[in-house]
Amino acid sequence: MVSHPKIVALIVAAGQGSRAGGDLPKQFRRIGGRAVLAHAYDGLAAHPAIEAIHIVLGEGQEAEARALLGDRAVAAFVTGADSRRGSVRAGLEAIAAADGADIVLIHDAARPYLPTAMIDRLLAALETAQGAIPALPVADTLVRGADGVMGEGVDRGALYRVQTPQAFRFDTILAAHRGWDERREATDDAQILRGWGHDVLLVQGDERLEKLTYPQDFARAEAMIARTTRVGMGYDVHRLAEDEELWLGGLLIPHDRGLAGHSDADVALHAIVDAILGALAEGDIGSHFPPSDPKWRGASSDKFLAYACDRVAARDGRIEHVDLTIICEAPKIGPHREAMRARIADILAVPVDRVSVKATTTERLGFAGRREGIAAQAVATLSLPALS
Ligand code: MG
């Protein structure tokens, strides 16, 4: 067993958000029918590596936050402090007191849109650093000014806008917070880690991660969080032959014959790959893994499916559901159905209840009926950003 680092998230939701207008703190206002805080939570929870989410709130805000989050699992609600720094410190201490962590992602509640790939980039950067943050180059011209009059221009080449989530080795950021001179303030945790003597890596940020600050930001966020549902279908056939292993649905199944093809010829996984690529409108399995390429000879088809999942993640999509039908006379699929669902769900990194496996015969008609081959068809339902 590979041991995975324990990764937890801390959402800082203690702000009062007065610049955003309205009576409610901005993290409690709704966009697209969900509270901004719930959006921030869902962005983190969508990443399979995050084990637990802790939330720092202002005094007396817990009942409201609980109501807005519904049945989302929260490891702990922590009461924050007057400053952002103090609130994060309280959250880190609560995580330490609970069970600790290897890695913590500290995220602003007021950033409702978090692409899952952003978390992957941060975690990858932490393999060589104690801290990593999303940052974007500055596009606008920058100048100094005083009393309404423009002064010197500022070289923007070395300037970045810093976003969250900010990712840290847990013990190091906790020590940095504990060691911070309380008489100074810091607007983010990367400054605190840097003050503690560690490099913080800059990782490519994302425009969509913008923080909601002003009233007009909410309308823009509505458009940004809108998602669309896409459906794709896939179909595949392989020939049954003697002296072949039968790989089907990612499993090696005992049978007197197996499927022949360039790869392991797992028709079920191939149909799912094509369904996913179809929903993305990104070609088919043959265009990504040409049969003419000797690299894929005998390849295990779970690689193809994992690749299709990566394509979904790259588009910030989610796999909502996969429905597979295997068409064959033999072997019987029933005894393998649950193992197949579990295996496919594992490769797709989705809960097993989002994977359906069905089977049918063709009443001994046609090539499947004559046991000359096995066919499979699949439908994949994806959720993708409406704006992309
Ligand atoms: Mg095939």
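Given the criteria part of a helix (DSSP H, G or I) and either surrounded by fewer than 19 Cβ atoms within 10 Å (Cβ to Cβ) or not assigned by TED's automatic domain parsing to the domain that holds ARG257 (or both), does ALA306 qualify? Show your work before the answer.
Values: part of a helix (DSSP H, G or I): yes; either surrounded by fewer than 19 Cβ atoms within 10 Å (Cβ to Cβ) or not assigned by TED's automatic domain parsing to the domain that holds ARG257 (or both): yes.
The answer is yes for ALA306.
Would you confirm whether or not segment 141-148 contains a residue that is surrounded by fewer than 15 Cβ atoms within 10 Å (Cβ to Cβ) and either in contact with a helix residue (DSSP H, G or I) (Cβ under 6 Å, 6 or more places away or on another chain) or within 15 Å of GLY43 (Cβ to Cβ) (or both)?
Yes; the residues of segment 141-148 include at least one that is surrounded by fewer than 15 Cβ atoms within 10 Å (Cβ to Cβ) and either in contact with a helix residue (DSSP H, G or I) (Cβ under 6 Å, 6 or more places away or on another chain) or within 15 Å of GLY43 (Cβ to Cβ) (or both).
If you take the residues of segment 265-291 that are within 14 Å of the ligand (Cβ to nearest atom) and assigned to a loop (DSSP other than H, G, I, E, B), which of them is nearest to LEU382 (Cα to Cα)?
Residue satisfying both the conditions and the ranking: ASP284.
Show the residue pairs that are 6+ apart or on different chains and have beta-carbon atoms under 7 Å apart, the first residue being within segment 292-305 and of a type in the set (Ser, Thr, Tyr), the second being within 13 Å of the ligand (Cβ to nearest atom) and part of a helix (DSSP H, G or I).
Pairs that qualify, where the first residue is of a type in the set (Ser, Thr, Tyr) and the partner is within 13 Å of the ligand (Cβ to nearest atom) and part of a helix (DSSP H, G or I), are SER301/LEU269; SER301/HIS270.
Kindly check whether there is at least one residue in segment 327-343 that is within 16 Å of the ligand (Cβ to nearest atom), surrounded by fewer than 18 Cβ atoms within 10 Å (Cβ to Cβ) and either of a type outside the set (Asp, Glu) or assigned to a loop (DSSP other than H, G, I, E, B) (or both).
No, segment 327-343 has no match at all.
Kindly indicate which of GLU329, GLU372 is among the acidic types (Asp, Glu), in contact with a helix residue (DSSP H, G or I) (Cβ under 7 Å, 6 or more places away or on another chain) and modelled with pLDDT of 95 or more.
GLU329
Considering only residues that are surrounded by fewer than 19 Cβ atoms within 10 Å (Cβ to Cβ), touching a residue at least 24 places away in the same chain (Cβ under 8 Å) and assigned to a helix (DSSP H, G or I), which ones fall in segment 366-388?
PHE367, GLY369
Answer yes or no as to whether GLY234 is outside the structural domain of PRO25 (by TED's automatic domain parsing), without any contact (Cβ under 8 Å) to a residue 12 or more places away in the chain and within 11 Å of the ligand (Cβ to nearest atom). Can you show your working first?
Details: outside the structural domain of PRO25 (by TED's automatic domain parsing): yes; without any contact (Cβ under 8 Å) to a residue 12 or more places away in the chain: no; within 11 Å of the ligand (Cβ to nearest atom): yes.
Criteria not met by GLY234.
Would you point out the residue of segment 344-365, among those that are in contact with a Gly (Cβ under 9 Å, 6 or more places away or on another chain) and in a strand (DSSP E or B), that is surrounded by the most Cβ atoms within 10 Å (Cβ to Cβ)?
Looking at the filtered set, the residue picked out is VAL357.
Please specify each residue of segment 39-64 satisfying the condition of being touching a residue at least 12 places away in the same chain (Cβ under 8 Å) and of a type in the set (A, V, I, L, M, F, W, C).
Within segment 39-64, ALA40, LEU44, ALA45, ALA46, ALA49, ILE50, ALA52, ILE53, ILE55, VAL56, LEU57 qualify.
Just checking, does segment 304-314 include any residue being near the ligand (Cβ under 10 Å from one of its atoms) and acidic (Asp, Glu)?
Checked segment 304-314: no residue is near the ligand (Cβ under 10 Å from one of its atoms) and acidic (Asp, Glu).
I'd like to know if segment 208-223 contains one or more residues that are in a strand (DSSP E or B), of a type in the set (A, V, I, L, M) and outside the structural domain of VAL267 (by TED's automatic domain parsing).
Our first condition is that a residue be in a strand (DSSP E or B); within segment 208-223, this holds for none.
Looking for residues that are in a strand (DSSP E or B), of a type in the set (A, V, I, L, M) and outside the structural domain of VAL267 (by TED's automatic domain parsing), one finds none in segment 208-223, hence no.
Yes or no: ALA96 under 30 Å from GLY317 (Cα atoms) and either in contact (Cβ under 8 Å) with a residue 24 or more places away in the chain or buried (at least 19 other Cβ atoms within 10 Å of the Cβ) (or both)?
no
What are the residues in segment 105-134 that are buried (at least 19 other Cβ atoms within 10 Å of the Cβ), of a type outside the set (Ser, Thr, Tyr) and under 23 Å from ARG220 (Cα atoms), if any?
HIS107, ASP108, ALA109, ALA110, ARG111, PRO112, LEU114, PRO115, MET118, ILE119, PRO134 - these are the residues of segment 105-134 that are buried (at least 19 other Cβ atoms within 10 Å of the Cβ), of a type outside the set (Ser, Thr, Tyr) and under 23 Å from ARG220 (Cα atoms).
Of the numbered conditions (1) under 22 Å from the mean Cα position of the chain (by Cα); (2) surrounded by 15 or more Cβ atoms within 10 Å (Cβ to Cβ); (3) assigned by TED's automatic domain parsing to the domain that holds GLU363, TRP296 satisfies every one except a single condition; which is it?
All conditions are met except number (1).
Of the numbered conditions (1) at positive phi; (2) not in a loop (DSSP other than H, G, I, E, B), LEU193 satisfies every one except a single condition; which is it?
The number of the failed condition is (1).
The values are calculated or read from the model by the stated rules, or taken from the named source; none is laboratory data. What you see is a predicted model, and the numbers here were worked out from it, not measured in a lab. Methodologically, a virtual Cβ is constructed for each residue, glycine included, from the backbone with ideal geometry; neighbour enumeration extends over all protein chains shown.
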